[in-house]
1. Right, residue 508: under 22 Å from residue 546 (Cβ atoms), in contact with a helix residue (DSSP H, G or I) (Cβ under 7 Å, 6 or more places away or on another chain) and surrounded by 17 or more Cβ atoms within 10 Å (Cβ to Cβ) or not?
2. Of the residues 1041, 1053, 1026, 1033, which is in a helix (DSSP H, G or I) and at pLDDT 75 or above?
3. Please list, ordered by first then second residue, the pairs with beta carbon atoms under 7 Å, 6 or more apart or interchain, first in the range 443-456 and at pLDDT below 75, second surrounded by 15 or more Cβ atoms within 10 Å (Cβ to Cβ) and not in a helix (DSSP H, G or I).
4. So which of 127, 101 ends up being closer than 27 Å to residue 387 by Cβ and assigned by TED's automatic domain parsing to the domain that holds residue 59?
5. Out of curiosity, is residue 609 modelled with pLDDT under 90 and touching a helix residue (DSSP H, G or I) at 6+ places or on another chain (Cβ under 9 Å)?
6. Can you go through 712, 728, 666 and tell me which one is farther than 21 Å from residue 808 by Cα and buried (at least 18 other Cβ atoms within 10 Å of the Cβ)?
7. Quick check on my filter: what residues within the range 999-1009 are modelled with pLDDT under 75 and more than 22 Å from residue 735 (Cβ to Cβ)?
8. Quick one: which residue in 670, 665 is modelled with pLDDT of 80 or more and out of contact with any helix residue (DSSP H, G or I) (no Cβ under 8 Å at 6 or more places or on another chain)?
């Protein structure tokens, strides 16, 4: 009773909160959406009130009560027809069109009533009015479901869903209030139907304006792709068949059918009492009908608020459903008592009618809607979307038809129109209703348990509490799995906020420290006093040091301890406790406690304990306490390296201007570059000027320093830093180009203005143009075997460019604030077709696939609002299932190329200056080796540039290309070099690149490495880095390479020769050209399990372990490829062992 007395204050609080949130709406679209939705519900409620009042009054004034069964029968036919028409239309219409169709049907109701009033048969007025009432209620119910489920819930617009829920019934309440006042003043209903037509038009305009909002139209497109397209080939009969095969949905249909029958009984009882009252008082006034509905919808409005708040958790689905039989039994008792206590001419028929309509409206609009949402929430989304409309369109007409048949049966008996007799006939219906409720409830609990186990339901939308569910949840709290306990506790606190204190208390005593930490985090900050003693107890008795430290910080931050206790922790011998206590005090709102923490930091800075100093410096940097800057500047020169590192980071966090240049200069020293880069990144744009100067005036010999500057640029979120990285892509040094491209992939820059977004688009456009060129070159070389290596290199280049386009695309997404779908999802759903979906697969419609589809479509549609269609088409080109020919065809709509023949391709690849375009050295080398001697005469300028460079790989390739040209034309290589390089350079080239000095080129080393199993999956341009580590070793026959038991410090690849691997007395294996050995020990550093001896004179390639480890630290792709290769070897050996055991 106390809870029901609180309903008015609850409603007032919700309305105040609604108005407050309306003022805080961040964007105009939210403001207009709420305004249009509220206007729609107001005018629709006014239309509802006008039509119901006029129709009931006309029926009671002009129709015979014996026509009522026929009215319900024809209502069932009309509702069936409208329901079937909409069932077909909703599978082919956009969501906005569905709303327009439903609104148009509602608009036709007052029009048809007006036509019936002026030109219709007066004898049919009673039947026609009841048909109009049932059609109006059916259409409003379907329209509310479409708005709530298909738009607001589907699009995640929870604030609109709340407005839609809270404003619908108050709208009807205000509508009946208007009708009541109108009748009191004018006492006529001549213009009410015309007024209902006018208000229905206004309601249509409001919903039309709402549907025309940009973000609503966007959700309409998402609905088209995610719901309509996958299911458009299925008819309503398919969904009916699916519903009949699903016992849960079938029971929902039975509940809806029986509820309709009982609701018709209530409607019949209401009209019966009003009819009796009109006979008793000779007239029923329309304001009396309006007053009954005014009171009923007022109660329903309060009930709606009650049953959509946490108050309803006291009930549960089963008890809420069983309220309906209780209402029926109560009404029958009231009627029976009234007829027995009063004389026939004094029975309070109007009071009984009021009780009946209040019960019907309250149950239908408050309880049933709350329960319906919870019951249907367990269905998967697309099944839920169509199941409700399909069931409503079929079950409601069947319920009306059954009720009409029952009333016709009553009319032909001697107990004609006896309310008690109708109640007796309804007893089997009530018993069946109770049986179905228990069956459905059992399935509902099982589904809920399954949803809990799969974490596949949003319990924020469930407002009912069930003992069985809570019993199951509390059992799950005993699980040994921490994540399961945390998830279950979160569910319980969501659906039962009133038990939050009890749940947090029990979690604080849990044996798992993670659970106790979660309990501390869940404590409401506005009610800390009620938890103070418990938190302090946890602090004193906690055994986990990490959690105890966090609790200590919590207590210091929120004043849950005395000042003396805080000082004790500040003076504790534990560095961890001191640290967390200081952090808590520095976050405390009390100034005196903050000053206490600062005083303690001063004492820690002058401490002789280094670890204490480090803690103090780290905290000063974390909270940016500027008053300690002079002390930190002195500690910058501290002799302890760790103290210096922490001090540098702290100064960077504080953005100390005096020490900025000195910190920057540390990059040139042997000091840890990682620490310095982290510190300088906090300065942001303040260091960009220095970076630009250093790039201009620093020599290329300072390689490490320049690469560190490149990494620093990537750590700064600035347009200028981003532009510097793109300029470095054109830097005349291969390592810098690679570093710049890698930095672009990890840059923190996010475009924030239109000009910055256009900057990114320009860079993407350049890469697309380059990609189109690559596709064209690959197609040109496809049928030419002499260009196989170059074609492979170009294909790798195209993949690499696509990856960088995706990286830049990520920047675009971040700039618009959208979540970027994974590339795999983007590829998969860009071209996915739903034509083969079978109705049997509907159970899987709402699995992870649908969620990922929704993310992709949201991304695509939102981008289409911001960027051009051509950009989207080009992104789909590289991320779709297209062959290179189709990709080239799509890009040919936007770009042209300068490819004429092989020479133009090779010149483009080798060109030393291409702004924003980058080729790997592997591709350049393969282009040189593939060059026909007939083309070399046209490439002398390019060869001159490469021969004078310092890149050994390109020097080798250019030298080989020039030598082949001289061999075919009969020109000595020395004469050709005289025209291209200086004498000094010529001597160097002839000495380094002669056949006697270097039998293997870098390209040949890469080829050999690629043919080995361990390096076979690594891309050629990555193998260049490994090739640089390879040493050539010549061994004579019978020479021992290593002995058994020696430490494994290298692996070997046989280029030419034969090697025998043997133990103490027997030979294990003989290896020949391109075989490798020593690889496992090379990776794990174990001792050699065998001896390696040369069977004949051999040439070996040796890879040192230490050099290779350093390379893997810098190149994660190499490490990943080797791990995959080793996994394959272990898997194959396991399979062989398994077969051997069999």
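1. Considered against the rule, which asks whether it is under 22 Å from residue 546 (Cβ atoms), in contact with a helix residue (DSSP H, G or I) (Cβ under 7 Å, 6 or more places away or on another chain) and surrounded by 17 or more Cβ atoms within 10 Å (Cβ to Cβ), residue 508 comes out as yes.
2. After applying the criteria, what remains is 1026.
3. Going by the 7 Å Cβ cut-off, the qualifying pairs are 451/378; 451/457.
4. 101
5. Judged against the criteria, residue 609 is a match.
6. Being farther than 21 Å from residue 808 by Cα and buried (at least 18 other Cβ atoms within 10 Å of the Cβ) holds for just one of 712, 728, 666, which is 666.
7. Across the range 999-1009, the qualifying residues are 999, 1000, 1004, 1007.
8. 665
The values are calculated or read from the model by the stated rules, or taken from the named source; none is laboratory data. Note that the structure is predicted; figures quoted are calculated from it, not measured. Here Cβ is always computed from backbone atoms with ideal geometry, including for glycine, and neighbour counts include all displayed protein chains.
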